[in-house]
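Right, one structure below, let's go through it.
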Amino acid sequence: MIDPFQTHGAFSWSELRTDDVEKAKAFYTGVIGWTTEEMSMADGGTYTVLKAGETSVGGLMAMPEEAKGAPAHWAVYVTVDDVDKRLEMTKAAGGSVLMPPMDIPEVGRIAAVADPSGAAICLITYSVKECA
């Protein structure tokens, strides 16, 4: 079995960004049966980890300030060997960088890109084997 947190090219995380965190938590805990665990973020906000049993399967957070006005959406993350290298490859292949790389303490380095058709995806290189 592959470890999605360490395998280049593996989908490894899904994250809901929404303007109504409480409503989303109520929906997904009621409909899917996920449980939640709150974590403090470096910016003072709260990140909600979504769990299936004891396994962390995704996250939920308030819409980031730079994305205000966007509809609620799920962001999916793909593990890559080197975020910065993959950003250069994205640009060379006709894609674009939607969110420049940033380091998330105790998680890794992330960025968001769009392919030439405009489809968005997030890239992540984890700093630790299991971040959630």
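Tallying residues that are open to solvent by 30 Å² or more (accessible area, probe 1.4 Å) and either at pLDDT 95 or above or assigned to a strand (DSSP E or B) (or both) within segment 55-70 yields 3.
I'd like to check something: does segment 71-90 contain any residue that is in a helix (DSSP H, G or I), in contact with a Lys or Arg (Cβ under 8 Å, 6 or more places away or on another chain), open to solvent by less than 60 Å² (accessible area, probe 1.4 Å) and within 24 Å of residue 117 (Cα to Cα)? Yes, segment 71-90 has at least one match.
Tell me, yes or no, whether segment 1-24 has at least one residue that is touching a Ser or Thr at 6+ places or on another chain (Cβ under 8 Å), of a type in the set (A, V, I, L, M, F, W, C) and at pLDDT below 95. Within segment 1-24, one or more residues are touching a Ser or Thr at 6+ places or on another chain (Cβ under 8 Å), of a type in the set (A, V, I, L, M, F, W, C) and at pLDDT below 95. A single entry from 49, 97 fulfils the requirement of being part of a strand (DSSP E or B) and under 25 Å from residue 2 (Cα atoms): 49. Report, by residue number, each residue of segment 1-33 that is open to solvent by 30 Å² or more (accessible area, probe 1.4 Å), part of a loop (DSSP other than H, G, I, E, B) and more than 15 Å from residue 52 (Cα to Cα). Selection gives 1, 2, 3, 4, 5, 6, 7, 8, 9, 19, 20. Residues of segment 118-132 that are modelled with pLDDT of 95 or more, outside any strand (DSSP E or B) and under 16 Å from residue 8 (Cβ atoms): none at all.
The residues of segment 100-117 that are open to solvent by 50 Å² or more (accessible area, probe 1.4 Å), within 20 Å of residue 17 (Cβ to Cβ), of a type outside the set (D, E, K, R) and part of a loop (DSSP other than H, G, I, E, B) amount to a single one, 105.
Selection of first residues in segment 60-74 that are in contact (Cβ under 8 Å) with a residue 24 or more places away in the chain and of second residues that are open to solvent by 30 Å² or more (accessible area, probe 1.4 Å) and polar (S, T, N, Q), restricted to Cβ pairs under 7 Å at least 6 apart or on distinct chains, gives the following pairs, ordered by first then second residue: 74/14.
Going by the structure shown, is residue 43 assigned to a loop (DSSP other than H, G, I, E, B) and either open to solvent by 50 Å² or more (accessible area, probe 1.4 Å) or aromatic (Phe, Trp, Tyr) (or both)? So residue 43 fits the description; yes.
For residue 36, the criteria (1) among the polar types (S, T, N, Q); (2) more than 13 Å from the chain's Cα centre (by Cα); (3) within 18 Å of residue 106 (Cα to Cα); (4) part of a strand (DSSP E or B) hold in every case but one, which is (3).
The values are calculated or read from the model by the stated rules, or taken from the named source; none is laboratory data. Being a predicted model, the structure only gives us computed values, none of them experimental. Quick reminder, even Gly has a Cβ in these numbers, built from the backbone with ideal geometry, and neighbours come from all protein chains shown. Calculation scope for accessible area: heavy atoms of the full protein, side chains included, ligands and nucleic acids excluded. Shrake-Rupley method; radii C 1.70, N 1.55, O 1.52, S 1.80 Å.
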